[in-house]
1. What does the average come to when, for each residue of peptide B:36-46, you count the partner chain Cβ atoms lying within 10 Å of its Cβ?
2. Could you work out the equivalent-ellipsoid semi-axes for region A:107-183, taking the square root of 5 times each eigenvalue of the Cα gyration tensor, largest first, in whole Å?
3. What percentages make up the Cα-Cα pair-distance distribution of region A:56-152 when the bins are 5 Å wide from 0?
4. Please enumerate, by chain and number, the lysines with C-alpha under 19 Å from the C-alpha of residue A:110, excluding those fewer than 8 residues away in the same chain.
5. Angle, helix A:227-242 long axis vs. longest principal axis of chain A, Cα atoms, 0 to 90°, nearest 10?
6. Could you list which residues have their amide H under 5 Å from that of residue A:352, counting only those 5 or more apart in sequence or on another chain, with H placed in the peptide plane?
7. Quick check on the protein assembly as shown: helices-only [θ] at 222 nm, where DSSP H runs of length 4 and up contribute -39,500 (n - 2.57) each and the sum goes over total residues. Nearest 500, please.
8. Scan region A:397-458 for GluC sites (Glu not before Pro) in coil per DSSP, keeping those whose Cβ has at most 10 other Cβ atoms within 10 Å, and list them by number.
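Read-outs: derived from the displayed coordinates by stated rules, not from any lab. The structure displayed is predicted, hence computed values, not measured ones. Please note: Cβ atoms are built from the backbone with ideal geometry, for glycine as well, and neighbour counts cover all protein chains shown.
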Amino acid sequence: MKKFDPASFKDPAGRVFSSRGRIFRELTPLGEKNWKEFRDSGLADELVQEGLLVKTWESSDPAHPAGVLIEHEPLPISYAYEWPPSMLRDAALLHLRLMERLLPRGFILKDASPYNVLFQGVRPRFIDVLSIERWEPGDIWAGYGSFCDAMLYPLMLHAYKGIPYHDWLRGSLNGIRPESFAKLFGWLDLLKPGVLAHVDLRARLHARFQRPGGALRSDVKMAALPASAILRNVSGLRAVIEGLPRRKGKPSDWCSYPANNSYDPAAREMKRAFVDRSLAQLKPRLLWDIGCNTGEMLRIAARHCELVIGLDSDADVVDALAEECRREGVNNVLPLVQDICNPSPGMGWACAERKSLFDRDKPDAVMALAVVHHLAVRGGVPLEEQLGLFAAAAPHALIEFVDRSDPMFVELRANMDAGQEAYGADEFKRCADAYFVTLDACAAGKTREVRLLRAKGR
Amino acid sequence: MKVVFLGLCALPCLALPARAYMDPGTGSIYLQLLVGGVAGVAVAVKMFYRTIKSYFKR
């Protein structure tokens, strides 16, 4: 029996399952009708060619020879609460672009959810083709509310209030409710684009009309709401999102780390060469770069990998990396906001709708350069736990150890009286030897060492 | 704007099967009419007019 993806049970039009790395969507009669209309319109092919829709084709299932099965190009899993602001913005604009392309041709997105988007590198692709269905005069955009809750409001929270939205979206998968969100805004905020209509007025209307919207929807249908009214709303939302200012306040200090650190130029060059050489030798299909910062080493690694997922807890540096990849057309880097001390858990129904970081595609190697001292001092995670986790995550690891005599370590620990007494070169060697076989090593200056490791028993 | 808003508040619930698998929310539907420009407001007025008409036909 095929095991359906636990994230796809809500849609009455079909369900997703995977088989040997391939992604299929099994259609119900309703889904089959919708898909055939969409396919026959020629729009499906156009949207794939334009890069808006994930590559999709009809496939076959020996178990159900009569039914239509569609197959999608597999994309790495990531969620809105892991995307930096520019990626969430692109996912939101993708929805609006799709509405603009679909409505004039008699189709519509029946919902709006950032979980219907995955990224190919830093390019968003809409993955849920069954969200696209026929539009008839009078149909409203049922996804407008969830578009606001899960995409517009988090972006406004970041841009207008300078508050990171990641924790909010992780706390509530459906996004931020208008009643709560409106409480953050004062009278002067009503002058900011989009706040009066999409936040304040929407919250008031929700408070006034708490009954479900089905009956009213029928009234609107009878009054034949035209597509132009929906498109007007869509273009208004586009203007709001495109006009959102950059976050308030100065960028995080980590954005300037590449120019402000304790490396001497020769040691830095040795480290770069070692990373380049090691990954050229390994050629991992999927690499995780833990603590990727703005991606200086990640970009070297990306030359040798099919895909590099850059993980960093600082949204500003992840956003800077995403911007750079977008600007330079790099398509094999996926930058995600992720604190390895508290990575994404399994969430939603049965804790399985949204996968934990460790339940996704397994990396072939992890890279953790100049990170272990941060995890030890700021995260309080002993080296033993860190190296145990890296060895369990992937068969190979590239790890840079920073000694306690390094100026960065001294600075990090300046305000601490106790903790991590065991941290040091001997402890690193002991733990590395316990979990790994060292394949190669390089001294990057007097206080740093990079090791290429293979996990024992793998 | 106030007239339209009051009109929207007075709308009846005529029964036609809705085909949504998610509830768009009454408040969000009203808002879509308001931000839908002239066409959206025209629909709201039309709905309001129907309400009045059906009231006198009773």
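1. 6
2. 24, 17, 10
3. 2, 12, 21, 20, 18, 13, 9, 4, 1
4. A:10, A:33, A:36, A:221
5. Helix A:227-242 sits roughly 20 degrees off the main axis of chain A.
6. It is A:347, by chain and number.
7. It lands at -11500 deg cm²/dmol.
8. For GluC sites (Glu not before Pro) across region A:397-458 that sit outside H, G, I, E and B with at most 10 neighbouring Cβ atoms in 10 Å, the list reads A:421.
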